[in-house]
1. Heavy-atom accessible area per residue, segment 216-274, 1.4 Å probe: how many Å²?
2. What are the ³J(HN,Hα) couplings of segment 311-325, residue after residue, when phi is run through the Karplus curve with 6.51, -1.76, 1.60 and θ = phi - 60°? Round to Hz, x for glycine and proline.
3. Note the direction-averaged projected area, equal to a quarter of the hull surface, for the Cα convex hull of segment 124-169, in nm².
4. Quick one: which residues, 5+ away or cross-chain, put their amide H under 5 Å from the amide H of Leu244? H built at 1.01 Å from N.
5. What list of ³J(HN,Hα) couplings, whole Hz, do you get for segment 212-229 from phi and the Karplus terms 6.51, -1.76, 1.60, once you set θ to phi - 60° and write x for glycine and proline?
6. Using the Karplus curve 6.51 cos²θ - 1.76 cosθ + 1.60 with θ = phi - 60°, work out ³J(HN,Hα) for each residue of segment 260-274 in order, rounded to whole Hz, and write x for Gly and Pro.
7. Using amide H atoms built 1.01 Å from N in the peptide plane, name the residues 5+ places from Val123, or on other chains, whose amide H lies under 5 Å from its own.
8. Highest first, please rank the peptides 326-336, 101-111 by the mean number of other Cβ atoms sitting within 10 Å of their residues.
Amino acid sequence: MHLSAALCLPLPGAKDLDGLRAVFTSAGRASAAARSLVRGLLAAGAVLACWAALPARAADGAAAAATAVAPVELRIGFQKSSVNLVVLKQQGMLEKRFPGTKVSWYEFPAGPQLLEALSVGSVDVGMTGDTPPVFAQAAGKAIVYIAAEPPKPRSSAILVPPGSSIRTLADLKGRKVALQKGSSAHYLLVRALQRAGLQWRDISPAWLTPAEARAAFERGSVDAWAVWDPYYAATEIDLKPRVLSDGVGLSGNNSFYLASPAFARAHAAFIPPLLAELSRADAHVQTHRKESAQLISDFSGLPLATVHRFLARRPASPVQPVPAALVADQQRLADTFHALGLLPRAVRVADVVWAPGRPVAATASAGSTPTPITPTATTPAPARLAGADTR
């Protein structure tokens with residue numbers, strides 16, 4: 001077979017062949033050397049034209065392959081702080097990329113509630129901060145890490161009222177501090193107390209959801225509040241609190257994407273294109289900041305100023321399989337909580353981390369067998385899934 005035919009099919013069309021025939025039948029006027037030169041030039045042109053088309057063909061092939069491995073249904077859990085997921089949802093990016101997949105969206109107030117839903121089969125994929133997965137794993141919940149974003153230490157903080165006498169972390173001794181148990185803010189507070197030379201028993205934790213904590217903070221019924229964006233940004237703007245400390249030097253405030261082990265096993269080939277779409281959403285946020293802020297504000301009901309505030313301290317956040325450095329960070333977090341007696345058992349984070357080409361470990365399914373709960377039009381969703389949005 002000719003080189004051009006081997007590299008790029010189909011060969012030239014009928015008009016092209018007529019032209020070639022005319023060249024080679026011109027009453028013998030073309031010498032053998034000339035005919036050889038024409039053949040070489042035409043072949044080279046065919047090859048170059050083929051190479052020019054290869055990127056588009058490769059992209060088409062990748063898109064077709066991603067569509068082929070897409071699940072029939074994808075149920076995603078997210079929070080208001082899940083910027084990449086919110087952008088994906090609002091722009092319908094997954095629905096456009098995977099038209100054969102029914103995508104359902106469920107909002108949660110915090111990571112612990114989201115992972116509870118994931119572990120019982122109510123959602124397939126979700127995003128949380130760093131602490132919820134450790135508590136879930138220690139409790140025997142069926143979860144697996146599939147990806148991570150870069151650290152965001154400036155996106156969480158310990159706040160005190162503007163007129164508070166608390167000036168340093170050491171001043172938290174004997175005080176009542178609001179936080180969501182098992183959240184990323186939980187680890188920030190643990191590390192802050194360690195930095196100040198205090199023990200966990202030196203404070204009185206008030207286990208409250210972000211909405212409950214905001215109300216308690218406004219009433220003055222708690223002395224401090226450990227929280228993350230966008231609740232942090234909203235409180236900064238509305239109440240003008242003092243920031244006792246953010247996460248810099250204390251906690252990376254890492255964000256992770258997790259899946260149920262059953263989903264990760266059945267749809268491992270779908271995970272890379274899913275992560276690619278998440279990274280594409282982040283690229284859109286970075287290059288279209290004003291538009292993205294408005295989109296997030298419209299969806300969440302947060303004031304536009306609040307969205308701009310928390311996006312300003314959010315770094316570029318492309319999504320990738322969990323790197324070894326973040327696995328190590330998670331293990332330190334888990335060991336810290338276990339040493340404080342806040343986890344029921346020690347955990348090995350690497351046991352529940354997915355990586356391309358590596359099967360999901362059996363230990364990722366620790367705990368009881370999950371019972372899938374799929375909301376339908378005739379069966380109300382459980383409370384944690386109330387307000388589900390199916391596009």
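1. In whole numbers, segment 216-274 has 32 Å² accessible per residue.
2. 5, 5, 9, 8, x, 3, 10, x, 10, 9, x, 4, x, 4, 5
3. About 5.4 nm², averaged over all directions.
4. Here Ile158, Leu159, Val160 satisfy the definition.
5. Once θ is set to phi - 60°, the couplings for segment 212-229 become 5, 5, 4, 5, 5, 5, 5, 6, x, 8, 10, 8, 7, 9, 9, 8, 10, 6 Hz.
6. 6, x, 4, 5, 5, 6, 6, 10, 4, 5, 7, 4, x, x, 5
7. It is Leu118, by chain and number.
8. 101-111, 326-336
The values are calculated or read from the model by the stated rules, or taken from the named source; none is laboratory data. If you're wondering where the values come from, they're calculated on a predicted model, not measured in any experiment. All Cβ positions, even for glycine, are placed from backbone atoms using ideal geometry, and neighbour counts span all protein chains on display. Side chains included, ligands, DNA and RNA excluded: accessible areas come from the protein's heavy atoms. Shrake-Rupley method; radii C 1.70, N 1.55, O 1.52, S 1.80 Å.
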